[in-house]
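Everything on this sheet refers to the single structure shown next.
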Number of protein chains: 2
Amino acid sequence: MADSIKKSDFVQSLEKGLKVISIFNAQNDELTLTEVAKQVELTRANARRILLTLLHLGYVTSADGKYFRLTPKVLTLGYAYLSSLSFRELAEPFLNELAKTVNESCSLSVLDGHDIVYVARVQTSRIMTISLGLGTRLPAYATSMGRVLLSGLSQEEVEKYASETSFEPFTNYTITDPQAFLERINLVRQRGWALADQELEIGVRSIACPIKDKNGKTIAALNISGHASRVSRDELIEKYLPELRKTVAQIEAALYKR
Amino acid sequence: MADSIKKSDFVQSLEKGLKVISIFNAQNDELTLTEVAKQVELTRANARRILLTLLHLGYVTSADGKYFRLTPKVLTLGYAYLSSLSFRELAEPFLNELAKTVNESCSLSVLDGHDIVYVARVQTSRIMTISLGLGTRLPAYATSMGRVLLSGLSQEEVEKYASETSFEPFTNYTITDPQAFLERINLVRQRGWALADQELEIGVRSIACPIKDKNGKTIAALNISGHASRVSRDELIEKYLPELRKTVAQIEAALYKR
């Protein structure tokens, strides 16, 4: 249903409007009408109508009528999702507690297509933190949380994922062979946790566990990540995994009680 | 320009699409086509086209074709704003440090119309934390950050704000008299900080300072908030205000260097 849609059912101006919002970022925090039209592949007239509509609705602003930038109102869209994700709020105090105990960053993520998406994150106040914000997307196969989330899918779904994914060698440690990847997912299923050792970026190690609902369905992944110079593989497993499991048990207990 | 728009320039389906995204929340994490049509005041046919489009674009999902829910992709919209807010990322490590030092929650917010909007927040891991997420909107007049942000506007703009606002008595301490409010803003301007003592909610006290750009324009507010049973007014001023000012100085120094 999501893949095929009748042309008459498709609201193109909605697609274009959402795309306009999405093109703003750190490098492009201010854009002109011409730049918007070019990047979203719109006529100037259409880009103008969309920008004027977003301006009227308060999602963009312009001090001079030339440069447009997003307003905080855009956050209400993401906020609608976050507040609909009821387990997130429930999990957050436990994440804070975990980050304090292990003195490393902890994150909560969910699967969206081929990516994991961060829905909560507690950073420790070190100088060398790993800068990953809410809503950040990372390829599932190269991350500990991604492998935990994929291991919660059916074997058929995981094989579909493996066949559709082009495994990019981010580092020398990245698993790029689909067969090796499938074996790894099997191991994650058996163990109930996943470890990623500098597979996405040199210097970053992490360990993750699934959070499951009453019916045993994986709804999110929780991880602890740290810099490789501070945290060895053995430490992740011997020292941090028990803490991670304790936190998962607390979150699941709170979840089941509702 | 934002207030008046020619009808021919207004893309109504974009407005409706954004409204559909916005109606999902903790109480309504799953909605049927009928519910969406009713809440956004759309015909069933129009609501259906919008939902199908959002489904096709990956912003909503439906397991059974009856109930629709948002997907994490919606976060990318808010994320576009957050990543365009370049001072936020720069400020975050300093916020972490401040929260650790004072062992109370710290937040960063910006003004959007009559509200403040949280763009960063570091919570301490107490049991009794104040639950406020990213993107939360609060009325500016009743909060310390709001008063700091309003004091950065011109006198004319503040008076316009006061005349347009209906001051709601959230608690017995809320300032509800526009004249008293204007005097308070003057005081905040002179002092360079604002204190809110249980004006929005009994039990919550906070103190805030402005963060200014090179030209002296207020771009955000930083606060420390705590439970009234733990933090007295005197403590906020004598103990926390110096720490707050130190952090503001660090953030501004980092900001000016860029």
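Normalised by 2.2 N^0.38 Å, where N counts its residues, the alpha-carbon radius of gyration of the protein assembly as shown equals 1.00.
Once backbone amide H atoms are built at 1.01 Å from N, A:PHE68 has A:LEU31, A:THR32 as its partners under 5 Å, excluding neighbours fewer than 5 places away on the same chain. Between B:GLN250 and B:ARG44, the simple spin-label model (points 7 angstrom out along Cα→Cβ) gives 5.9 nm.
Dividing the convex hull volume of the alpha-carbon atoms in the stretch A:161-258 by its residue count gives 109 Å³ per residue.
Let me have the relative contact order for the stretch B:21-97, percent, based on Cα pairs under 8 Å that are six or more residues apart. Mind dumping the intermediate values first?
Details: 56 pairs, mean separation 18.7, N = 77.
Relative contact order, the stretch B:21-97: 24 percent.
In the assembly of identical copies, A:GLN39 has its label point, taken 7 Å from Cα in the direction of the beta carbon, separated from the corresponding points by 3.0 nm (ascending, one decimal).
Give me the aspartates and glutamates in straight-line cross-link reach of A:LYS100: C-alpha distance below 16 Å, same-chain residues under 8 apart excluded. Qualifying aspartates and glutamates at Cα under 16 Å: A:GLU92, A:GLU243, B:GLU97, B:GLU104.
Summarising the rotation from chain A to chain B, the nearest chain A beta-carbon to the axis and its distance in Å are given as A:GLY78, 1.
Using a 7 Å projection from Cα along Cα-to-Cβ, the label point at A:HIS114 is separated from the same position in the remaining copies by 4.7 nm, smallest value first. Take the alpha carbon gyration tensor of the stretch A:28-173, find the square roots of its eigenvalues, order them as a ≥ b ≥ c, and report rounded if a/c is under 1.5; if not, report prolate when a/b exceeds b/c, else oblate. Note, shape of the stretch A:28-173 comes out prolate. Model label points for A:LYS217 and B:GLN179, set 7 angstrom from Cα along the Cα-to-Cβ axis, are 6.1 nm apart.
Counting helices only, and only those DSSP H runs with n ≥ 4, report the 222 nm mean residue ellipticity of the protein assembly as shown as the sum of -39,500 (n - 2.57) divided by its residues, in deg cm²/dmol to the nearest 500. Provide the component values of the computation, followed by the final result.
On the way: 18 runs with 219 residues, N = 516.
Helices in the protein assembly as shown give a 222 nm mean residue ellipticity of -13000 deg cm²/dmol.
Annotated for the stretch A:1-74: lysine pairs at least 8 residues apart or interchain, Cα distance under 26 Å, count 13. The share of C-alpha pairs in the stretch B:7-76 whose separation exceeds 15 Å stands at 49 percent. Counting 0.36 nm for each residue step from A:LEU187 to A:SER154 and taking away their Cα separation leaves a gain of 10.5 nm. Here the ratio of the Cα radius of gyration of the stretch B:85-257 to 2.2 N^0.38 Å is 0.96. Between B:SER22 and A:ARG69, what FRET efficiency comes out of the Förster formula 1/(1 + (r/R0)^6) with R0 = 22 Å and r the beta carbon distance, rounded to 0.05? Once rounded, the FRET efficiency stands at 0.60.
Could you size up the charge dipole of the protein assembly as shown around its Cα centre, putting +1 on the beta carbon of Lys and Arg and -1 on that of Asp and Glu, and report it in debye to the nearest 20?
In debye, rounded to 20, the protein assembly as shown gives about 360.
The label point for B:ARG230 and the one for B:SER163, both projected 7 Å from the Cα toward the Cβ, are 4.3 nm apart. Given an 8 Å cut-off on Cα distances and at least 6 residues of separation, report the relative contact order of chain B as a percent. This gives 14 percent for chain B. In nanometers and ordered shortest first, the copy-to-copy spacing of the A:SER8 label point, defined 7 Å from Cα toward Cβ, is 2.8.
Just to confirm a number: summing +1 for Lys and Arg and -1 for Asp and Glu over residues other than B:CYS106 whose beta-carbon lies under 11 angstrom from that of B:CYS106, what do you get? Kindly include the intermediate steps, with their values, before the conclusion.
On the way: positive: B:LYS100, B:ARG121; negative: B:GLU92, B:GLU97, B:GLU104, B:GLU243.
Surrounding charge for B:CYS106 is -2.
Close amide H partners of B:THR136, meaning residues 5 or more places away or on another chain with modelled amide H under 5 Å apart, are B:TYR118.
Every number here is computed from the coordinates shown, using simple stated rules; none is lab data. Because the structure is a prediction, the values reported are computed rather than measured. Cβ: placed from backbone, ideal geometry, glycine included. Neighbour counts: every protein chain shown.
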